[in-house]
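See below for the structure under consideration.
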Amino acid sequence: AWNLARRLSVICFLAAAAFGQAGLPTLSVNDVTLEEGNSGTTTFGFTVTLSSASAQTVTVNTSTTDLSAHEPFDYIRIPATLLVFEPGQTSKTVNVSVIGETVPEPDETFIVNLVGPQNATIQRAEGIGTIDDDDTVISFDTPADFDGDDKSDISVFRPSNGQWWLNRSTAGIIVHTF
């Protein structure tokens with residue numbers, strides 16, 4: 001009897017899936033990776049696709065969520081917005097503005113979410129936006145080498161004799177007594 005009940009339960013589940021959601025198109029959102037730029041904003045265009053054209057109007061809510069990128073500093077949040085696919089339409093764009101700046105930092109990410117579909121199901125609910133940092137990091141092979149001669153430009157030290165020594169890479173050592 002238990003085995004029969006389990007089999008009936010599985011059959012009912014499969015029948016509900018087949019008659020309830022089967023045949024509905026699926027929604028997906030892609031990932032986008034772009035450089036941030038040094039000023040103004042860069043538009044990240046996320047494509048939301050419907051797997052096949054529908055004879056019915058299809059809707060889905062979209063929004064953004066922080067990962068390592070944080071609004072309002074790195075991008076401009078889009079609030080929960082209803083995206084509407086009219087009959088026959090299979091593609092829509094969700095635009096997110098990313099804020100350009102010149103601070104070197106790691107690449108950052110945020111999410112475009114798809115939730116609450118009507119007349120469709122969701123195949124891929126999250127699109128990852130990767131803000132590719134395009135800012136230059138200045139590094140020196142030799143610490144305190146500001147003129148590029150591979151020598152530390154300034155070092156100050158005081159040996160046990162009480163004199164202050166100033167070492168400059170372009171002018172040699174100067175000894176000062178204070």
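The values are calculated or read from the model by the stated rules, or taken from the named source; none is laboratory data. What you are looking at is a predicted structure, and each value in this text was computed from that prediction instead of being measured. Positions of Cβ are backbone-derived with ideal geometry, glycine not excepted, and every protein chain shown enters the neighbour counts. We work out accessible area using only protein heavy atoms, side chains counted, and drop any ligands, DNA or RNA first. Shrake-Rupley method; radii C 1.70, N 1.55, O 1.52, S 1.80 Å.
Where residues in the range 85-95 are of a type in the set (Val, Ile, Thr) and open to solvent by 50 Å² or more (accessible area, probe 1.4 Å), which of them is farthest from the chain's Cα centre (by Cα)? Step by step, filter the range 85-95, then rank; the result is 90. All told, residue 21 meets the bar of being modelled with pLDDT under 90 and open to solvent by 80 Å² or more (accessible area, probe 1.4 Å). Does residue 51 fit the bill of being surrounded by 11 or more Cβ atoms within 10 Å (Cβ to Cβ), polar (S, T, N, Q), in contact with a Lys or Arg (Cβ under 7 Å, 6 or more places away or on another chain) and at pLDDT 95 or above? Against the criterion (surrounded by 11 or more Cβ atoms within 10 Å (Cβ to Cβ), polar (S, T, N, Q), in contact with a Lys or Arg (Cβ under 7 Å, 6 or more places away or on another chain) and at pLDDT 95 or above), residue 51 does not qualify. Give me the residue from the range 108-154 that is hydrophobic (A, V, I, L, M, F, W, C) and part of a loop (DSSP other than H, G, I, E, B) and, out of that set, modelled with the lowest pLDDT. My answer is 140.
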